[in-house]
Amino acid sequence: MATMQSTPISPSAGRWIPSTCGMCLHGCGIKVQVVDGVAVKIEGDPTNPDNLGKLCPKGNSGLARLYDPTRVLYPMKRTNPKKGLHEKPGWVQIGWEEAYEIVARELGKLRKDDPRKLLCAIGDFQRILLWGWPAVFGSPNFFTSLGNYCGGSYHPVNGSVDGSFAAINDYEHCNYWIQIGSGDGFSSHLHLSGSAKRMADARMRGMRVVSLDPRCSVASAKADEWIPILPGTDRAFVLGMAHVLVHELRRYDREFLRERTNAPYLVKADGYFLRDSEGKAQVWDLRVNAARAWDAVPSESMALEGAFSHAGMNVRTGFQVWMDILLENTPEKMSEVTTVPAATIRRIAREFVDAAQIGASIEIQGKTYPYRPAALNYYRGSQSHANGLFDNITYKLFNMLVGNIDVPGGHLGVPLDHRGFFVSPGEDGMLKPEPHQLHPAPEFKYPPDSTHLLEWFPIGFDAGQLNAETVLNPERFGLNYRPEAMLLYHSNPWWNMPETDKIEKIFQSMKFVVAIDIQETESTQWADVFLPDRTFLESTLLNCLEPPAVTGHALRQPVVEPLGDTRDAYEILTELAERMGFRDDWNDFLNIVCGYTAKPKYLLDPDKRHTVDEFWDRYARSIYGEDKGLEWFKVHGHAVRYRTPEETYLPFGNLRIPFYFEFIKRTGEQMRVRLSEAGMKDWPLDNYQPLPFWKNSQVIEDGKAGYEYYGITFKESLHTFADTMVMPWLSEVSDKDPIHGGILINSATAGKLGIKTGDRLRLTSPAGSIEGAAQVVEGIHPQVLGVSNTITRQVVNNKRVRAKGSHFNRLLTGSMRYTDSATGGLESTARVRVERLGA
């Protein structure tokens, strides 16, 4: 049999074009080698300080996305009226004029009737400026759990603490790094390629890493110590450590807590701050032994601890309130919850506070800062739970105990984009909380307009999972309409939403579905029209999203001529807006989100259609000046630079940050009144608390119903969300790794249940069940079953990729019992029963 020979292409052949990777949301700098109009290689851009010339597996496989033979390259319409996951749509190719006419006609009719009847699923993070198109159309609906699945509670808490959107420990100065439920620096989350290099450099200089995870993840395998823990109990572990610092060691940063937080503010028995006749929060002045306004007492004279009597009332400092809560959280009690030995909790707490060097300082570029080279970092695994608000606040407060928030060596906020931290004065000398950074804070409304009940989560994230309840039972939630159509824009809600069977029923109820994407997915099986977008190697945008160490935009630009007859998503949405008569409103909206209202010379003309290049050229010049428009970026690739110390450390200046979250309690009381007046007296509001504590989640309670084990899902650097799992280059690699080969089960547990690798298993939760092959491993907690996201796809058109179909989200529930009542964060863990079906 003849063998195919390939001729290596010289690195000097053709030309190298700078651009930005689009294989995940963060956008590493790349350079693409193009020979005779064909892209032949992608490498990291060494001039971009974000990723430092490095690329993850996804970035290296970008050519497979561009030249995927199963890509949709032409507009298509459905011919098969029967719809379903495994029904062939019967696509036929059509022209753009016909495609636009069909979509504009169907959505236009809906818009005239009731625009709220459109469900919108959007997942194109790099074009986040376009996410407001549904709102301009008139639909408030967010039919996806992307964003919420990972950060539903995380982002609001970051914004409320220091005006950031995300967080990371200080790679450059940290010496003791606790990693909980996160792949930062190892396998996932913030700008992995550059972060992995920064993590490696920190390890080489001696930084110690302790990883808490139910599974021996990449971070756990490379850490100095892996501590297996039950899913959803990480907060108990940290509460136990906080107990040790506060009650056993009595070691915490009193100066930081007094000077930079509201921990000294006095709290009444009703949970609200003691205020004077002018409404000012009070502190206890140790000089005169009396309550006085916070701004009338120097911080060194404020009582941090203690209970006092004032005007016949008993009051405590906010710090004392949490001290009293922590009395119950002994390492012994928290060990019972987590399965982590009490001695381990105590040892890690002591190591952490020793490494924090409370009281130390460091000089950076001529300025002296507090120096706290120990920090706790966390992400999805540790806080994407139904009590996610408590989880996030607990981790923040633990870091505050050693005074490491936004200081060298500590726990650093990460801004959403080039604008930096959202910092403005609030009440009582505090930073104004900014839980909403992707859209304005919602106003309460009953009946609600949105199917994800946006109006009922004033400090929350978009709880898309609630669609599984509301769309099928609108009357129960006061909704006075039923959705009839759906817009899918680079989103696969069939895959990313809990309660898959209910999501299928919603798809089935739609009268019209339009998809903007580059490939077929489970969700596009229900589409009536498919509008093909361009890949990141054929399109233009400027990207700056959650950069942990840098700031500034990088350009995504076409490196080859677009394949087929595709269009840029901006162009598609603008054309549809024009045909339905709201292009002027669309341009006005873009003027707001791009910041042009503050720079009138760049305002988009409401009566003009602006091309893709015109739009991004205007955007670049509005930020970087007239000499750095789109043409400048096409040559230089990016304007990315390291953030300065002033942009990184103590961004809130002299404002205080919250230790006691009174505004959350107040918001909850306001919601209680409004919902009660609307007749919704049983709506859960229990998580609107000013301080975190331990309480069992519904998942833990499900164990009492015979669900003995915990089910988790996980991802590694090979994949992001769902779309990369159908790419042969990546699936070939992941198929060779046993952790992606089936349902992970601990060897001791497998022995007890008589299970061997390859046996067919069924996992059943209160929501549903999945099946898959057993993969017996040592590196997972004995009470936990793990399902890699690589085995979750069911619609795979590429013959070189095997559909595995163990879709984890069938095990999850989208109801309020499994949703954080304050933030809308969903529960990403399930209790399960295990059944061996056979070999």
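The values are calculated or read from the model by the stated rules, or taken from the named source; none is laboratory data. All figures in this text were calculated on a predicted structure; none of them were measured in a lab. Every residue, glycine among them, receives a Cβ derived from its backbone with ideal geometry; neighbour counts consider all protein chains shown. For accessibility, only protein heavy atoms count, side chains too; no ligands or nucleic acids. Shrake-Rupley method; radii C 1.70, N 1.55, O 1.52, S 1.80 Å.
What is segment 534-608 by shape, rounded, prolate or oblate, if you read a ≥ b ≥ c off the alpha carbon gyration tensor as root eigenvalues and call it rounded for a/c under 1.5, prolate for a/b larger than b/c, and oblate otherwise? List each step's numbers first, then the result.
Values: a/c = 2.54, a/b = 1.09, b/c = 2.33.
Since a/c reaches 1.5 but b/c is at least a/b, the shape of segment 534-608 is classed as oblate.
If Lys and Arg each add +1 and Asp and Glu each add -1, what is the summed charge of the other residues whose beta carbon sits under 12 Å from the beta carbon of residue 378?
Details: positive: 235, 380, 396; negative: 184, 213, 234, 391.
Local net charge: -1.
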Practice item. Determine the share of segment 481-532's accessible area contributed by carbon and sulfur atoms, expressed in whole percent, with a 1.4 angstrom probe. Key: 46
Exercise for review: Give me Rg over Rh for segment 477-577, both radii from the alpha carbons and Rh done the Kirkwood way, two decimal places.
Suggested key: 1.06
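Could you sort 837, 389 by accessible area so the largest value comes first, with the probe set to 1.4 Å?
Values: 837 70, 389 5 Å².
Solvent-accessible surface, decreasing: 837, 389.
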Check your understanding: Points 7 angstrom from Cα along the Cβ direction at residue 680 and residue 732: gap in nanometres?
Key -> 5.2
Study note, to complete from the structure: Residue-normalised 222 nm signal for the chain, counting each DSSP H run of n ≥ 4 as -39,500 (n - 2.57), nearest 500 deg cm²/dmol, is -7500 deg cm²/dmol
**Study point:** Charge tally in the Cβ shell below 11 Å around residue 322, where Lys, Arg are +1 and Asp, Glu are -1, residue 322 excluded
**Key:** -1
Review point. With point charges of +1 on the Cβ of Lys and Arg and -1 on the Cβ of Asp and Glu, referenced to the Cα centre of segment 7-135, which listed residue (67, 133, 20) lies farthest in the positive direction of the dipole?
Key: 133
Practice item. Calculate the spin-label point distance for residue 221 paired with residue 511, positioning each point 7 Å from the Cα along the beta-carbon direction, and give it in nanometres. Key: 5.3
Check your understanding: If you compute Rg and Dmax of the Cα atoms in Å for the structure shown, which of (1) 33.5, 118; (2) 26.6, 95; (3) 36.7, 136 do you land on?
Key -> (2)
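Taking only protein heavy atoms and a 1.4 Å probe, what accessible area per residue, in Å², does the chain have with all protein chains in place? Please list the in-between numbers first.
Numbers: 29650 Å² over 839 residues.
With the other protein chains kept in place, the chain gives 35 Å² per residue.
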Check your understanding: Which aspartates and glutamates have a Cα lying under 16 Å from the Cα of residue 396, excluding residues fewer than 8 positions away in the same chain?
Key -> 162, 170, 234, 253, 406, 434, 662
Review point. Ignoring ligands and nucleic acids, what accessible area does residue 701 show with a 1.4 Å probe (Å², nearest 10)?
Key: 60
Exercise for review: With unit charges on the beta carbon (Lys/Arg positive, Asp/Glu negative), name the residue among 181, 206, 240 whose Cα is farthest towards the positive pole of the charge dipole of segment 121-259.
Suggested key: 206
Practice item. Excluding residue 429 itself, calculate the net charge of residues whose Cβ lies under 12 Å from the Cβ of residue 429, where each Lys or Arg counts +1 and each Asp or Glu counts -1. Key: 0
Check your understanding: Tell me, what is the 1.4 Å probe accessible area of residue 432, in Å² to the nearest 10?
Key -> 90
Review point. How big is the Rg/Rh ratio for segment 629-723, C-alpha atoms only, Rh by Kirkwood, two decimals?
Key: 1.17
Check your understanding: Once you charge only the Cβ atoms, +1 for Lys and Arg and -1 for Asp and Glu, what is the size of the charge dipole of the chain about its Cα centre, to the nearest 20 debye?
Key -> 1300
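Give, rounded to the nearest 20 debye, the magnitude of the charge dipole that segment 468-538 has about its Cα centre when Lys and Arg contribute +1 at Cβ and Asp and Glu contribute -1 at Cβ.
Working: 6 positive and 12 negative charges, 52 e Å.
So the dipole magnitude of segment 468-538 works out to roughly 260 debye.
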Check your understanding: What is the Cα radius of gyration of segment 49-105 over 2.2 N^0.38 Å, N being its residue count?
Key -> 1.74
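Contour minus end-to-end for residue 360 and residue 101, with contour as 0.36 nm per residue of separation and end-to-end as the Cα-Cα distance?
Details: separation 259, 0.36 × 259 = 93.24 nm, distance 6.66 nm.
Difference between extended and current length: 86.6 nm.
Go through 814-826, 595-607, 326-338 and give me the packing order, highest mean Cβ count within 10 Å leading. Present the calculation step by step, with values, prior to reporting the outcome.
On the way: 814-826: 25.9, 595-607: 13.0, 326-338: 19.1.
Descending mean neighbour count gives 814-826, 326-338, 595-607.
Report the charge-dipole magnitude of segment 537-667 in Debye, nearest 20, computed about the Cα centre from +1 at each Lys and Arg Cβ and -1 at each Asp and Glu Cβ. Don't jump to the answer; show the numbers that get you there.
Working: 17 positive and 22 negative charges, 145 e Å.
For this selection, approximately 700 debye.
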Check your understanding: Between residue 817 and residue 38, what FRET efficiency comes out of the Förster formula 1/(1 + (r/R0)^6) with R0 = 56 Å and r the beta carbon distance, rounded to 0.05?
Key -> 0.55
Check your understanding: Taking R0 as 30 Å, what's the FRET efficiency between residue 295 and residue 270 from their Cβ-Cβ distance, rounded to 0.05?
Key -> 0.80
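Taking 25 Å as R0, compute the FRET efficiency from the Cβ-Cβ separation of residue 565 and residue 85 and round it to 0.05.
Working: r = 28 Å, r/R0 = 1.11.
Rounded to the nearest 0.05, the efficiency is 0.35.
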Review point. Can you give the extra length, in nm with one decimal, that the chain gains between residue 599 and residue 642 once fully stretched, where that is 0.36 nm per residue apart less the Cα-Cα distance?
Key: 12.9 nm
**Study point:** Members of 665/695; 756/799; 505/704; 280/665; 112/505 lying beyond 22 Å, as alpha-carbon distances in this model show
**Key:** 756/799; 505/704; 112/505
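Work out, step by step, the length gained on full extension between residue 628 and residue 800: first 0.36 nm times the residue separation, then minus their alpha carbon distance; give nm to one decimal.
Numbers: separation 172, 0.36 × 172 = 61.92 nm, distance 4.39 nm.
Additional length available on full extension: 57.5 nm.
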